[in-house]
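> Quick one: the structure is below, and I'll ask about it shortly.
The values are calculated or read from the model by the stated rules, or taken from the named source; none is laboratory data. Bear in mind the structure is a predicted one, so any value in this text is a computation, not a measurement. Glycine also receives a Cβ, built like all others from the backbone with ideal geometry; neighbour counts cover every protein chain displayed.
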Amino acid sequence: MNKTKRKIFETSMKLFAEKGYDATSIEEITATVGVAKGTLYYHFSSKEEIFQFLVEEGVKLLKNSIEIKTDKLTNSLDKIKAIVLIEIKILVKYQNFITIILSEIWGNSSRSKMCQNYVFEYIQMIQEIVEDGIKKGEIINTDANVVASRNIWLCLL
């Protein structure tokens, strides 16, 4: 990502977290970044595309971090512990990202649906690890979906 796109990305994330998506305008983003509208539109076709890019980049960062930390682990409990530590680091380091997800996940907009889909994908990933742990006898027999869902909601709240 080049310097200008990164600046648009970081500024948009900050403004969306502080003011909300709807209350943030393209004009405000360009003024804060210090670029012309044409420059912003060179990198992103719309505010919606900026939002989508923010969420996709955040999810990609989370998934990559988890893959790196859990790739060589075989024990499901060790994987869950590693994931919780990653979640804590992400929560601390990327508070604006979490704020955006939380503010947009409730509702029926396309942004809400996108956030909901990513959260449910994440829950599915955790659920599969829990189910694997149950099969291996590493985790007591429990409802894997409940465990996975609680994990993500505790992290987000």
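> Among the listed residues Ile90, Ile50, Ile83, which satisfies the condition of being aliphatic (A, V, I, L, M) and either over 21 Å from Met1 (Cα atoms) or surrounded by fewer than 13 Cβ atoms within 10 Å (Cβ to Cβ) (or both)? Quick ask: steps written out before the conclusion?
Details: Ile90 fails: either over 21 Å from Met1 (Cα atoms) or surrounded by fewer than 13 Cβ atoms within 10 Å (Cβ to Cβ) (or both); Ile50 fails: either over 21 Å from Met1 (Cα atoms) or surrounded by fewer than 13 Cβ atoms within 10 Å (Cβ to Cβ) (or both).
Among Ile90, Ile50, Ile83, only Ile83 is aliphatic (A, V, I, L, M) and either over 21 Å from Met1 (Cα atoms) or surrounded by fewer than 13 Cβ atoms within 10 Å (Cβ to Cβ) (or both).
> Yes or no: the range 113-132 includes at least one residue that is assigned to a loop (DSSP other than H, G, I, E, B) and either among the small types (Gly, Ala, Ser) or within 30 Å of Lys7 (Cβ to Cβ) (or both). Show your work before the answer.
Quick first cut of the range 113-132, residues assigned to a loop (DSSP other than H, G, I, E, B) only: none.
Checked the range 113-132: no residue is assigned to a loop (DSSP other than H, G, I, E, B) and either among the small types (Gly, Ala, Ser) or within 30 Å of Lys7 (Cβ to Cβ) (or both).
> Can you confirm whether Ile98 is of a type outside the set (Lys, Arg), more than 30 Å from Leu40 (Cα to Cα), assigned to a helix (DSSP H, G or I) and modelled with pLDDT under 90?
On the way: of a type outside the set (Lys, Arg): yes; more than 30 Å from Leu40 (Cα to Cα): no; assigned to a helix (DSSP H, G or I): yes; modelled with pLDDT under 90: yes.
The answer is no for Ile98.
> Could you grab me the full set of residues in the range 19-51 that are under 14 Å from Asn96 (Cβ atoms), part of a helix (DSSP H, G or I) and touching a residue at least 60 places away in the same chain (Cβ under 8 Å)?
Passing the criteria: only Phe51.
> Looking at Ser110, Ser76, can you tell me which residue is closer than 27 Å to Met125 by Cα, in contact (Cβ under 8 Å) with a residue 40 or more places away in the chain and either surrounded by fewer than 13 Cβ atoms within 10 Å (Cβ to Cβ) or in contact with a Pro (Cβ under 8 Å, 6 or more places away or on another chain) (or both)? Give the steps one after another, and end with the answer.
On the way: Ser76 fails: either surrounded by fewer than 13 Cβ atoms within 10 Å (Cβ to Cβ) or in contact with a Pro (Cβ under 8 Å, 6 or more places away or on another chain) (or both).
Only one candidate passes the filter, namely Ser110.
> Where the second residue is assigned to a helix (DSSP H, G or I) and modelled with pLDDT of 85 or more and the first is exposed (fewer than 12 other Cβ atoms within 10 Å of the Cβ) and lies in the range 129-147, which pairs have Cβ atoms under 6 Å and are six or more apart or on separate chains?
Note: pairs meeting the criteria are Asn141/Ile134.
> Report yes if some residue within the range 38-46 is farther than 30 Å from Ile134 by Cβ, of a type in the set (A, V, I, L, M), more than 20 Å from the chain's Cα centre (by Cα) and at pLDDT 95 or above; otherwise report no. Steps first, please.
If we filter the range 38-46 for residues that are farther than 30 Å from Ile134 by Cβ, which is where we start, we get 38-46.
Those left that are additionally of a type in the set (A, V, I, L, M): 40.
Applying the additional criterion that residues be more than 20 Å from the chain's Cα centre (by Cα) yields 40.
Now narrow it down to the ones that are at pLDDT 95 or above: 40.
Yes; the residues of the range 38-46 include at least one that is farther than 30 Å from Ile134 by Cβ, of a type in the set (A, V, I, L, M), more than 20 Å from the chain's Cα centre (by Cα) and at pLDDT 95 or above.
> Just name the residue that is modelled with the highest pLDDT out of those in the range 101-112 that are within 17 Å of Ser149 (Cα to Cα) and in a helix (DSSP H, G or I). Don't jump to the end; show me each part of the working.
As a first pass, look at the range 101-112 and keep what is within 17 Å of Ser149 (Cα to Cα): 101-102, 105-106.
From the residues that got through so far, the ones that are in a helix (DSSP H, G or I) too are 101-102.
Working: Ile101: 87, Leu102: 84.
Top of the filtered list is Ile101.
> Which of (1) touching a Lys or Arg at 6+ places or on another chain (Cβ under 8 Å); (2) within 30 Å of Glu131 (Cβ to Cβ); (3) in a helix (DSSP H, G or I); (4) without any contact (Cβ under 8 Å) to a residue 12 or more places away in the chain is the odd one out, the single condition Ile83 does not satisfy?
Single failed check for Ile83: (4).
> Could you grab me the full set of residues in the range 10-24 that are under 16 Å from Glu104 (Cα atoms) and not hydrophobic (A, V, I, L, M, F, W, C)?
First pass over the range 10-24, keeping only residues under 16 Å from Glu104 (Cα atoms): 12-24.
Passing the criteria: Ser12, Lys14, Glu18, Lys19, Gly20, Tyr21, Asp22, Thr24.
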